[in-house]
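A.B. asks: Before anything else, here's the structure in question.
A short reminder: the numbers here are calculations on the coordinates, not readings from a lab. Note that the structure is predicted; figures quoted are calculated from it, not measured. Positions of Cβ are backbone-derived with ideal geometry, glycine not excepted, and every protein chain shown enters the neighbour counts.
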Amino acid sequence: MPVPADRPSTEMPAPSPMRRVSLLFRVIDVSSPRLASLVGLLALAGVLVLGGCSDGQASEEDAGAARPQPKTRVETLTLERTSFTDVIQVTGTVEALDDAILSSQTDGPVTMLLDLGTRVDRGAPVAKIDAEEATAAVEQAKAQFELAQDRFERQQPLYRDSIISALEFEQVRSERNQARAALQQAQTRLSNTILDAPFAGTIEERFVEAGEQVAPGTRVARLVNTRRVKVTAGIPERYANDIQVGTPVQLDVRRYGAGVRTARVTFVGNTIDPESRTFTVEVTVSNDERTLKPEMSATLRVTRAVLDSALVLPRTAVLRDETGTHVYVVDRSDTTAVARNREVALGPETGGSVVADSGLAAGDEVIIVGQNDVSPGAPLEIADRHDRSTPTDAPEDSSLPTPPTE
C-alpha cells in the first residue's frame, strides 16, 4: 500500500561522532577502571578520525570551487583592410595555335614525303605526288592555247575590215578563252602535285607512305606549330558578365616544368554549352622553348574583380554549423583574454583566403589556430599574434601567386 504523504519518515539521521561515543559507553560495561580507560582512548581516537575525514572532504570541495579554468593556447590574426583579388580557377587544355591536316588535291602515287619531326618553313614542300601525267596535260593545253591565240590574232584584222562577221569572230575569241582556261586548269593540277606547308611547323603525323596511291581528299600528313599555343577552358555561366577579352589570366603549368605564366584572355565564347553550362575562353601564350604540348592540362586563374579595401582571413578560421558561419574573436575587456563567438557573412574566396563581408571590423583579433578547441567565454593563452604583414601557420593554398590585376 502507498504510504500517506503526511506520515513522518521512519529514517533516522546518522549519529554524530559524540553521539556514537555515548552509545558505546552505554553498551560496554565500564565498571572496571582499566577497561574504562581503554574505551575512553578508543573513543577519543574515533572522534579525531571522523572529524579529520569531515574536514578533508570540505577542504577538497573548497579547493575545487576555487580552481581556475585552464586556458586554451591559440594564435590570432589582427584584421586590417587590404586589397583582395577575386579569381576564378578552372582547368584548361593546351592546343596548338597552328595545326593542320594536309590532304591531296590530285591523284597519283606519292613520290616524296618528309619524315616525322622534320621542321619545315612556310611554303616548303612537305610531300610530292607523281607529276608526269599532270606535266603532259600542261604541255597539251599549252599547245592548244597557242594555236587558239594565233588564230585569234589572225582573225582580228579581218574582223576590223569587216571581212568576217561578228559571229565568226566571237567564235574564234571563245575558242581562245577556252584554251586559256584549260591551260590554267592543267597548271593548277600540276602545282597540286606538291603539298606546300601553309605555315612553319613540324611534321607530327604521316598518314601515307611513299609509293602509295592517293586521290583528291586523301590525308597525307599533319603539320603542327607549337611556338605559340592556346589554352582553352570552360568558365561557369554565372561568370558570363565578368570575363571579357583582355582579362588578366595566370597559367600554372609547373607540373611540366613550365612555371607560371601571365597572359590575357584572347577569346570569349558567346554561347553556353547546354551540358556543362559553361562558355569557352581562350588564352594565347608564346612557347618558344616548346615545353607546352597539345593536350596538356593547365590551371587557369582568371581575374574576376579586385577589391581595394577588404577584410581577409584564412578560410580555416571560419567554423560552419547548422546556424551558419562564425569565427572566434578575442575579447580583452576583462582582466584576461576570452573567446567570443561572432557570426560572419562571407564574400568571395580565393585559395585559402576569404573575405568577410559583415560581422567583423578592422582591428578585430580573430583566432586562426586552435579555434576548434575553444568555446564562448573560454580563457585564452595567446601563443602568437599575426597581422597581414607576417606569415601565419594557418594552412592556405599557395599553389599559385596572386594573379595580375591590370
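A.B. asks: What percent do you get for the relative contact order of the range 259-347 when only Cα pairs under 8 Å and 6+ apart count?
C.D. replies: After rounding, I find 14 percent.
A.B. asks: Follow-up question, since we're still on this one. Amide H to amide H, which residues 5 or more places from Val214 or on other chains are under 5 Å from it, using H placed in the peptide plane?
C.D. replies: Counting only residues 5 or more places away or on other chains, the set is Gly108, Val110.
A.B. asks: If neighbour count is taken as other Cβ atoms inside 10 Å, put Tyr328, Tyr239 in order from fewest to most.
C.D. replies: Tyr239, Tyr328
A.B. asks: A further question on this structure: Please compute the length gained on full extension between Ser276 and Thr78, using 0.36 nm multiplied by the number of residues separating them and subtracting their Cα-Cα distance.
C.D. replies: Working: separation 198, 0.36 × 198 = 71.28 nm, distance 4.13 nm.
Extending this stretch completely gives an extra 67.2 nm.
A.B. asks: Would you be so kind as to identify which of Thr325, Ala345, Leu311 lies farthest towards the positive end of the dipole of the range 306-349, taking Lys and Arg as +1 and Asp and Glu as -1 on Cβ and the Cα centre as origin?
C.D. replies: Leu311
A.B. asks: Next question, about the same structure. Output ³J(HN,Hα) for the range 260-266: one whole-Hz value per residue in order, computed from phi by the Karplus curve 6.51 cos²θ - 1.76 cosθ + 1.60 with θ = phi - 60°, and x for Gly and Pro.
C.D. replies: So the J values, rounded to whole Hz, are 10, 10, 9, 8, 9, 5, 9.
A.B. asks: Starting from the Cα-Cα distance between Arg227 and Ser375, subtract it from 0.36 nm times their residue separation and give me the gain in nm to one decimal.
C.D. replies: On the way: separation 148, 0.36 × 148 = 53.28 nm, distance 5.86 nm.
Separation in residues times 0.36 nm, less the Cα-Cα distance, equals 47.4 nm.
A.B. asks: A further question follows. Would you be so kind as to identify which of Gln185, Leu147, Val110 lies farthest towards the positive end of the dipole of the range 99-220, taking Lys and Arg as +1 and Asp and Glu as -1 on Cβ and the Cα centre as origin?
C.D. replies: Leu147
A.B. asks: Turning to a different aspect of this structure: Within the range 190-222, whose backbone N sits under 17 Å from a point 7 Å along Cα→Cβ of Ala100?
C.D. replies: Within reach of a label on Ala100: 191-207, 217-222.
A.B. asks: Okay, next question. What is the order of Lys128, Lys293, fewest Cβ neighbours within 10 Å to most?
C.D. replies: In order of increasing Cβ crowding within 10 Å: Lys293, Lys128.
A.B. asks: Can you check what the net charge comes to around Lys230, using other residues whose Cβ is under 14 Å from the Cβ of Lys230 (Lys, Arg +1; Asp, Glu -1)?
C.D. replies: Result for the local shell: 0.
A.B. asks: What lysines could a cross-link reach from Lys230, if we take a straight Cα to Cα line under 19 Å and drop same-chain neighbours fewer than 8 places away?
C.D. replies: Lys230 reaches Lys293.
A.B. asks: Which value, in debye to the nearest 20, describes the size of the charge dipole of the range 134-178 about its Cα centre when Lys and Arg Cβ atoms bear +1, Asp and Glu Cβ atoms bear -1, and nothing else is charged? Write down the numbers at each step before the final one.
C.D. replies: Values: 6 positive and 8 negative charges, 11 e Å.
Dipole of the range 134-178, to the nearest 20 debye: 60 debye.
A.B. asks: Ok, one more. Can you list residues whose amide H is under 5 Å from Gly347's amide H, if they're 5+ apart or on another chain and H is modeled 1.01 Å from N?
C.D. replies: Val355, Ala356, Asp357
A.B. asks: Now a separate question. Net charge near Arg160, counting Lys/Arg +1 and Asp/Glu -1 over other residues with Cβ under 15 Å of its Cβ?
C.D. replies: Charge balance in the 15 Å sphere: -2.
A.B. asks: What nm distance separates the two modelled labels at Arg340 and Gln184, each placed 7 Å from Cα along Cα→Cβ?
C.D. replies: 8.8
A.B. asks: With charges set only on the Cβ (+1 for Lys and Arg, -1 for Asp and Glu), what does the dipole of the range 99-220 come to about its Cα centre, in debye to the nearest 20?
C.D. replies: Roughly 400 debye, rounded to the nearest 20.
A.B. asks: Let me ask you something else. Using the 10 angstrom Cβ neighbour count as an exposure proxy, how do Ile243, Ile163, Ile272 rank, fewest first?
C.D. replies: By the 10 Å Cβ count, ascending: Ile163, Ile272, Ile243.
A.B. asks: Now for a different question. If Lys and Arg each add +1 and Asp and Glu each add -1, what is the summed charge of the other residues whose beta carbon sits under 14 Å from the beta carbon of Ile272? Spell out each step's value before the answer.
C.D. replies: Working: positive: Arg238, Arg277; negative: Glu237, Asp273, Glu275.
With Lys, Arg at +1 and Asp, Glu at -1, the net is -1.
A.B. asks: While we're on this one: With θ set to phi - 60° and the Karplus curve 6.51 cos²θ - 1.76 cosθ + 1.60, what are the ³J(HN,Hα) couplings of the range 363-372 in order, to the nearest whole Hz, using x for Gly and Pro?
C.D. replies: So the J values, rounded to whole Hz, are x, 5, 9, 9, 6, 10, 9, x, 5, 7.
A.B. asks: Under 5 Å between amide H atoms, partner at least 5 residues away or on a different chain: which partners does Asp196 have, H built in plane at 1.01 Å?
C.D. replies: Close amide H contacts, sequence-distant or interchain: Val126.
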